[in-house]
Amino acid sequence: MVSASCESRPGRRILYACRVPLLFILASSLWLLIARDGRGQFGSLPQADSPEEFDAYLDVISRSRPADVISSGREFEKSWPHSPLRGPVCQLELQAYRSLNDPSNAIEAGQRALEFAPGNLQVTAELAFIIADTTAEPQQLIHAEDYARRTLQSLKTFTVPKWIPPQEWGAIEGRLKSEVHVALGLVAYKRGGI
């Protein structure tokens, strides 16, 4: 549990007098590192509405095993159904299900993530690939193609945050484009177009 008590200690440089803002900065920095690596969306992290909600979010992001991320993420979703942090939590669940080779639950988690962050390029790219890779059903292939095209279209108009160096953005954009082009290739192959 995070203590909200404030203290100052003579002779020490303290960024903030309270631990809650300090923990928020640390967690935000972690999220930005994830985002800079291309595994998260490229904007700022939404804020929790209470310290308890933030503690629950920290519990999700502190998990390293995919099954633990999923369990903790589901608990977060039940406890905080209207949280602005549900999008990032659902995205973490998508990646956990993907690492467990569970495409149906990964797709479901990705769709929930898009309910809270409809413009998340990483999620749309991942959904395009997962759907295209795991099904030959015509209606699902339409969804995969839609996610892929939406990602490509959004990349054309996306404003790159100033904190991402151009070289890093080039690598992130390349990974996203690569993933959606593979998805489009799979869609065309499964439709008999290749």
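The values are calculated or read from the model by the stated rules, or taken from the named source; none is laboratory data. Note that the structure is predicted; figures quoted are calculated from it, not measured. Note that we place each Cβ from the backbone using ideal geometry, even for glycine, and neighbour counts take in every protein chain shown. Ligands, DNA and RNA are stripped out before the accessible areas are found, and what is left, the full protein with its side chains, is counted by its heavy atoms. Shrake-Rupley method; radii C 1.70, N 1.55, O 1.52, S 1.80 Å.
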The number of residues in region 147-178 that are under 18 Å from Ile131 (Cβ atoms) and either in contact with a Ser or Thr (Cβ under 9 Å, 6 or more places away or on another chain) or at pLDDT below 90 (or both) is 7
Go through region 110-133 and report how many residues are aromatic (Phe, Trp, Tyr) and modelled with pLDDT of 95 or more.
1
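Collect the residues in region 172-194 that are open to solvent by 50 Å² or more (accessible area, probe 1.4 Å) and in contact (Cβ under 8 Å) with a residue 40 or more places away in the chain, keeping them in residue-number order.
Those that are open to solvent by 50 Å² or more (accessible area, probe 1.4 Å) and in contact (Cβ under 8 Å) with a residue 40 or more places away in the chain: Arg175, Val182, Lys190, Arg191.
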Residue count for region 50-69, restricted to those that are under 9 Å from Leu92 (Cβ atoms) and out of contact with any Lys or Arg (no Cβ under 6 Å at 6 or more places or on another chain)
3
